[in-house]
Amino acid sequence: MKFLSQSSDITKVKADALIVFCRENGYARDSVLKALDKSLGGVIKNAFGSEEFTGKANQTLVLHQGKSSLPVRIVLAGLGEDKKIDNDSYRQAAGTISRLAAVKKSKSMAFYFGHGENEEAIQAVVEGFQLGRFDMADYKTGAKTKDRTDTVYFYGATRTQAGSFEKGIKKGEIMADSVIMARRLAMHPGNVITPKTFAAEAQAAARKLHLKCTILDEKKIKAEKMGALWAVGKGSEQPPRFIILEHRKGGTSKPIVLIGKGITFDSGGISLKPSADMDEMKGDMTGGAVMLSVITAAARLKLPVNIVVLIPLAENMPSGRALKPGDIVTSRKGKTIEIISTDAEGRLILADALDYANKFKPQAVFDMATLTGAALFVLGHAAIPVIGNNPKLMDALREAARKTAERVWEMPLWDEYREQIKSTIADIKNSGGRPAGTLTAAAFLENFIGDWPWVHIDIAAVDLEKSGRPYIPKGSTGIGVRLLVEMLIHWKKM
Ligand code: BES
Ligand code: MN
Ligand code: ZN
């Protein structure tokens, strides 16, 4: 797909489809829309007048026309009420129109920005358009794409306006590519993405972008004394792996370490999960997929920071060699862990990764994981519960959340939760029972952090989309990628 900037009067746009963003009940106030309507003989005014199209958020109207030299398809896309319009309104509108037949059948299309929209709005449109039309067709035999679009023009009213679009286009493309990379990794089935093949994907991505990539195999995992990661991985025919990726563009500054959970399939192990929806557990490596995608985006954007990504990978399976409830394992840090449930495996592999992070003397550490089913009962699908120990770091994350519309909400880490994971026989146990399951998981992880600012991000309730939203089709959402990349773009040394 080619994205190009252009400038002209709206009546001189050349493409197979013209997309115009409209404010709710905004016809009378919109000189650009009126200029277009003049060439079309008043059909837009009629559509608003009859309330067939009012410009509500995500409403669309497709007009076909043959009398003027304008594109044959004119698509109106609603942004909603003036006071509610932000960049996400553009992202959503672009996602919505990306799936219209009129858009898919157009070889070339043009977005027209007649209201002084800036670089950020353009970026949002590129993101929304690319993310909305994403379709995982890898496993459909003979699937022919119905999508003919190969060129998208971004028209501004003036040359100076259009000139400012370039940066937004580039950033939007990188953001969307990275989200799609994470979605694809998460949607591939567990028989395709195993610890080994995930590591191979990371290696391939690293080679392309000249990132340093180190893979620890099961021997090195044991040599590193990663007893918790090994305990989870040992029950499977697929051996565990540990990925270390490095982007070094920040001079001598300490790195930001990003850790992602990489359970390529979570059966629950001996504490076997119920069979309903167990297929969804192929996505239990989404945190890892997100972190891999974030570092590829950072490399493409040439961000002037040092970033280290750590991804502990294992398949959680029951077998004669598997970890059992009641077992006690020794983590890399030396702390002993009583296994209450082999299904609380994510925190085990993260424990060793958090301890390994000390090697890099980080300025800050983020971990992201599909960690607890209980996350659904914290904030539903509406936001990501986050737990941390540093207000400045939390503020940076919150600011990125606001800009990307990937909401986060801070939850507390109180002593009651620390109490729940005390063990009578070992230093700590891996389950705190039903109450506040998301927060006792964070309390568990806290035992393995070093003396650095830290945020834990539990994406278990937002990693999968069941119905489809404007720029999030059914399937893996890739939520977290734009959030962290946006934060890294504006990173200030801790
Ligand atoms: N991967 C799951 C969490 C999960 C569940 C993610 C549903 C997405 C949807 C995790 O490994 C797990 O099984 N957690 C247990 C922890 C419990 C045994 C303390 C859970 O949430 O039930
Ligand atoms: Mn589990
Ligand atoms: Zn899991």
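Overview of results
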| read-out | value |
| --- | --- |
| In degrees, nearest ten, helix 195-209 long axis to first principal axis of the chain (Cα) | 50 degrees |
| Nearest-ten-degree value, helix 87-98 long axis tilted from longest Cα axis of the chain | 80 degrees |
| The chain - mean residue ellipticity at 222 nm from DSSP helices (-39,500 (n - 2.57) per run, n ≥ 4, rounded to 500) | -10500 deg cm²/dmol |
| Summed residue charge, Cβ within 11 Å of Pro385's Cβ, Lys/Arg positive, Asp/Glu negative | -1 |
| Counted charge near Gly227, where neighbours are those whose Cβ lies closer than 12 Å (Asp, Glu -1; Lys, Arg +1) | +2 |
| Computed over the stretch 2-133, Cα set: Rg, Dmax in Å | 13.4, 37 |
| For the stretch 79-146, accessible area per residue (1.4 Å probe, heavy atoms of protein chains only), Å² | 45 Å² |
| Enclosed volume per residue, in Å³, of the convex hull spanned by Cα atoms of the stretch 175-489 | 118 Å³ |
| Net charge of Cβ neighbours under 12 Å - reference Val72; Lys, Arg +1; Asp, Glu -1 | +4 |
| Fraction of antiparallel bridges per DSSP, the stretch 366-482 only, in percent to nearest 5 | 45 percent |
| Amide H within-cut-off set for Phe21, under 5 Å, with H built and near neighbours excluded | Ala77, Tyr112 |
| Cα-based Rg and Dmax for the stretch 244-402, where Dmax is the largest Cα-Cα distance (Å) | 16.9, 50 |
| Proximal lysines to Lys422, defined as alpha-carbon separation beneath 29 angstrom and excluding residues fewer than eight positions away on the same chain | Lys222, Lys225, Lys234, Lys261, Lys273, Lys324, Lys333, Lys335, Lys359, Lys361 |
| Percent of beta bridges antiparallel (DSSP, the stretch 2-133, rounded to nearest 5) | 30 percent |
| Percent antiparallel among DSSP beta bridges (both partners in the chain, rounded to 5) | 35 percent |
| Between the stretch 66-139 and the stretch 211-225, the alpha-carbon center distance in angstrom | 45 Å |
| Between 0 and 90°, nearest 10: helix 165-187 axis offset from the chain longest Cα axis | 50 degrees |
| Surface accessible to a 1.4 Å probe, Leu40 within the full protein complex, Å² | 10 Å² |
| Solvent-accessible area, 1.4 Å probe, carbon plus sulfur percent, for the chain | 51 percent |
| The stretch 366-417 versus the stretch 442-490: alpha-carbon centroid distance in Å | 8 Å |
| The stretch 259-317, accessible area per residue, ligands and nucleic acids excluded (1.4 Å, Å²) | 26 Å² |
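The values are calculated or read from the model by the stated rules, or taken from the named source; none is laboratory data. No experiment lies behind these values; they were computed from the predicted model shown. Glycine also receives a Cβ, built like all others from the backbone with ideal geometry; neighbour counts cover every protein chain displayed. Areas reflect the complete protein model, heavy atoms only, side chains present, ligands, DNA and RNA absent. Shrake-Rupley method; radii C 1.70, N 1.55, O 1.52, S 1.80 Å.
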